[in-house]
Amino acid sequence: MSEPPIDPAVAAALRELGSPDGTGLCIDGVAASTLAATFGTPLYVFSAAVLRRRVAAVKAALGPRVELLWSVKANPSVPVTRCLREAGTGIEIASLGELQVALAAGHDAAAVRFAGPGKTDAELQVAIEQDLCLHVESADELAAIDRLATSAGRTARLALRVNFAAEVQGSRLRMGGRSSRFGIDQEQVPALLQQIAARPALRLVGAHVYGGTQCFDANACVRQAAALCAAVRGWEANGARLDELDLGGGFGVAAFHGDGSFDLAAAGRELSALMHEYDRPGRRWFVELGRFLAAPAGVYLTRVVRQKQSGGLTQVAVDGGLHQHAAAAGVGTIVRRPPLLVRAAAPWAAGTTAVTIGGPLCTPQDQFADRLPLGPLAAGELLAVLHAGAYGLTFSPHSFLSHATPVEVFVDDGEARLARHRGTPADALRGQVR
Ligand SMILES: Cc1ncc(COP(=O)(O)O)c(C=O)c1O
């Protein structure tokens with residue numbers, strides 16, 4: 001039987017990892033089989049070279065005026081975050097845990113930007129003490145910041161996150177354009193600007209828009225940025241000053257078979273034109289990206305544990321699963337499609353035999369592929385999910401069934417080093433009162 005053609009998104013992912021046709025999967029020159037043998041499976045691998053290339057490509061496309069922020073929620077690995085910082089990214093966070101990662105990776109607290117709709121008073125207090133820039137998501141939050149900053153005798157730096165009436169069409173997961181916990185409805189902003197101007201403990205530095213993630217339409221991402229620029233011009237005409245404009249991001253990366261790609265060059269051209277139009281002295285421009293910087297730099301490796309025939313299908317159980325890479329099992333998607341899954345021994349070969357592949361959890365949802373022509377698979381064969389550098393472990397319910405968490409390995413210049421220890425069964429008891 002002849003092999004079907006390899007999915008274009010898989011081919012692009014392999015090219016980006018520098019994994020040549022005709023050999024086993026390589027990450028930054030290191031064989032996946034060697035990494036699996038050294039560190040065991042399941043295993044996440046992150047490539048420094050790919051991270052650096054992604055940052056360089058985005059910076060080249062967006063131009064020198066843009067300050068690129070790493071959305072650490074996509075992957076709170078310290079080596080990944082440090083590598084991205086050294087490559088020239090700032091950082092935006094959504095929790096005090098992420099603040100810890102940012103500081104451990106060498107960021108200054110005062111350069112950190114903190115967004116998220118449910119920041120507690122305790123979190124705001126720490127942020128104000130450490131002089132983080134707060135992205136304000138509601139009038140209620142603004143009042144809390146004012147109260148906390150006033151009683152601490154400090155001035156809080158603020159950017160208003162704006163929820164515009166138009167949705168970001170084209171985003172797989174939208175966070176604005178309707179009633180939303182994210183951002184302040186556009187028409188409520190003028191009143192808040194007046195309040196801020198009257199409060200000595202509040203210093204307005206800018207505005208922020210973020211309408212959705214996994215957007216494959218560059219034009220849609222630009223439209224939300226354009227809406228922010230136009231609105232800010234209006235507010236500034238009425239006396240406000242908003243120097244720092246965070247234009248959001250949400251640039252998409254193929255995660256499943258059949259996914260397209262994001263036109264970075266087009267986004268760069270259009271955003272550059274927009275920034276040119278709205279530029280002025282004192283203006284700072286930000287774009288914040290998680291997935292687009294990190295997804296292609298990561299690979300999730302898992303091994304075949306058992307195989308059997310059932311109901312006419314080859315059912316394969318692997319040692320990884322939804323608890324470690326929920327996104328690859330389709331959590332958060334409506335129509336399930338296979339992730340960019342390859343055999344590590346022959347990643348460029350599509351295979352001929354349909355196999356259904358899932359993990360060890362007690363739910364049929366724990367399935368990476370249904371009748372994917374990837375087989376036949378050898379006993380113990382190593383499989384790899386590509387584009388696994390974002391929303392992998394961090395997006396997964398890893399305490400479900402109390403399996404140990406996977407190892408993370410950081411590969412830089414042909415050298416692999418441990419980035420996160422493998423968990424142990426005893427972790428299931430951690431924090432519990434017996
Ligand atoms: C406010 C904000 N910024 C940035 C991101 C990162 O998005 P992405 O990983 O799609 O770039 C998210 C993701 O949810 C977000 O909510």
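Taken together, the values in this text are just the output of simple stated rules run on the coordinates, not laboratory data. Here the structure is a predicted model, which is why all the values come from computation and not from measurement. Neighbour counts run over all protein chains shown; Cβ positions are idealised from the backbone, glycine included.
Here are the numbers for this structure:
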| item | result |
| --- | --- |
| Simple label model, 7 Å out from Cα along Cβ direction - R154 to A31, nm | 5.3 nm |
| Relative exposure of S151, S180, S310, judged by other C-beta atoms within 10 Å (fewest first) | S310, S151, S180 |
| Stretchable slack from H421 to D370, in nm (0.36 nm times residue separation minus alpha-carbon distance) | 15.2 nm |
| Cα gyration tensor shape for region 76-228, rounded if a/c is under 1.5, else prolate or oblate | oblate |
| Net charge contributed by nearby residues that have their C-beta within less than 12 Å of A115 (K/R +1, D/E -1) | -2 |
| Environment charge at L14 (Cβ cut-off 11 Å; Lys +1, Arg +1, Asp -1, Glu -1) | -2 |
| Projected label distance in nm at A265 and Q188, using a 7 Å step from Cα toward the beta-carbon | 4.2 nm |
| Relative contact order, percent, region 353-432 [alpha-carbon distance under 8 Å, six or more residues apart] | 20 percent |
| For the chain, calculated [θ]222 nm from helices alone, where every DSSP H run of n ≥ 4 adds -39500 (n - 2.57) | -8500 deg cm²/dmol |
| Exposure proxy ranking, count of Cβ atoms within 10 Å, fewest first, for K73, K119 | K73, K119 |
| Label point distance in nm, L429-R241, each placed 7 Å from Cα along Cα→Cβ | 6.0 nm |
| Shape of the chain, Cα gyration tensor, a/c cut at 1.5 | prolate |
